[in-house]
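Notes for the one structure printed next.
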Amino acid sequence: MSVEFANLDTDWKFSDGTRSVRTNSLILKIEERSEIGLTVGAGVGYHWLRLDDQNGSGSTKFDAQNLQLYLRHELALSEAVKLEGALNFAWYTGEDTNADDSADIDWSQVGADLGVNYRFGNLGITPFVSYIDVDGDTSGLDDDDSFEMDESFGQGVRFDIFVESTGFISLELRAGNQTGGYLAFVQRY
């Protein structure tokens with residue numbers, strides 16, 4: 001189980017050009033680990049999203065919710081080193097926060113991460129690469145439009161500070177397809 005806070009900037013490609021998106025998120029995840037080490041999980045989240053206008057002079061604010069399903073697997077290379085992989089699917093829907101407007105935004109996201117985790121006592125460090133594909137659309141704005149990620153590949157590093165054998169605080173920093181990070185409080189059983 002985990003509670004995550006995220007602050008991310010990304011660029012989405014629309015038919016009329018690229019627009020910046022800033023998102024602040026609160027996400028709750030639950031998961032189950034199998035005997036073979038495969039973890040299956042699900043998450044729900046609430047997102048405060050700001051989408052820049054076409055000309056960059058303003059922005060539209062959205063409140064969005066999501067449902068996420070994911071698979072994660074670890075392969076121990078030694079006692080202190082693990083290869084980690086994750087695959088996730090997420091669906092998002094949101095509405096404009098202005099009561100006078102009725103703009104909507106919907107998108108789906110597929111992501112994959114691959115990293116190497118190094119554990120030093122109570123500290124884990126995981127450099128990783130990521131791929132994210134977004135397919136979405138807006139309606140009710142000046143022009144209805146579809147969008148996708150401007151850049152699909154990224155990289156980052158995650159720091160895990162273990163406060164007990166199954167509980168840790170995680171700080172993840174990202175660049176490339178998403179810029180920003182996550183702060184998570186995690187308990188694994």
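Residues in the stretch 117-138 that are open to solvent by 40 Å² or more (accessible area, probe 1.4 Å) and not acidic (Asp, Glu): TYR118, ARG119, PHE120, GLY121, ASN122, LEU123, ILE125, PRO127, VAL129, TYR131. Checking each residue in the stretch 10-58 for being under 13 Å from the mean Cα position of the chain (by Cα), open to solvent by 70 Å² or more (accessible area, probe 1.4 Å) and in contact (Cβ under 8 Å) with a residue 24 or more places away in the chain picks out ARG22, ASN24, LEU28, VAL44. Here is a check on your reading of the model: is TYR189 under 12 Å from the mean Cα position of the chain (by Cα) and either at negative phi or open to solvent by 70 Å² or more (accessible area, probe 1.4 Å) (or both)? No: the conditions fail for TYR189. I need the full set of residues from the stretch 176-185 which are within 15 Å of GLY43 (Cα to Cα) and either open to solvent by less than 20 Å² (accessible area, probe 1.4 Å) or within 11 Å of the chain's Cα centre (by Cα) (or both), in order please. TYR182, ALA184 - these are the residues of the stretch 176-185 that are within 15 Å of GLY43 (Cα to Cα) and either open to solvent by less than 20 Å² (accessible area, probe 1.4 Å) or within 11 Å of the chain's Cα centre (by Cα) (or both).
Which of the residues belonging to the stretch 159-175 are open to solvent by less than 50 Å² (accessible area, probe 1.4 Å) and under 13 Å from the mean Cα position of the chain (by Cα)? Within the stretch 159-175, GLU172, ARG174, ALA175 qualify. Against the conditions (1) of a type in the set (A, V, I, L, M); (2) open to solvent by 60 Å² or more (accessible area, probe 1.4 Å); (3) more than 29 Å from GLY37 (Cβ to Cβ), ILE105 satisfies every one except (2).
Of all residues in the stretch 147-158, those satisfying the criterion of being open to solvent by less than 70 Å² (accessible area, probe 1.4 Å) and part of a strand (DSSP E or B) are PHE147, MET149, GLY154, GLY156, VAL157, ARG158.
Do the conditions hold for LEU171, that is, is it part of a strand (DSSP E or B) and without any contact (Cβ under 8 Å) to a residue 24 or more places away in the chain? Considered against the rule, which asks whether it is part of a strand (DSSP E or B) and without any contact (Cβ under 8 Å) to a residue 24 or more places away in the chain, LEU171 comes out as yes. Would a scan of the stretch 77-93 turn up a residue that is over 15 Å from ILE105 (Cβ atoms), charged (D, E, K, R) and open to solvent by 30 Å² or more (accessible area, probe 1.4 Å)? The answer is yes; a qualifying residue exists.
The values are calculated or read from the model by the stated rules, or taken from the named source; none is laboratory data. Just so it is clear, the structure is predicted and the values come from calculations on it, not from any experiment. Neighbour counts are summed over all protein chains in view; Cβ atoms, including those assigned to glycine, are modelled from backbone coordinates with ideal geometry. Only protein heavy atoms, including side chains, enter the accessible area calculation; ligands, DNA and RNA are left aside. Shrake-Rupley method; radii C 1.70, N 1.55, O 1.52, S 1.80 Å.
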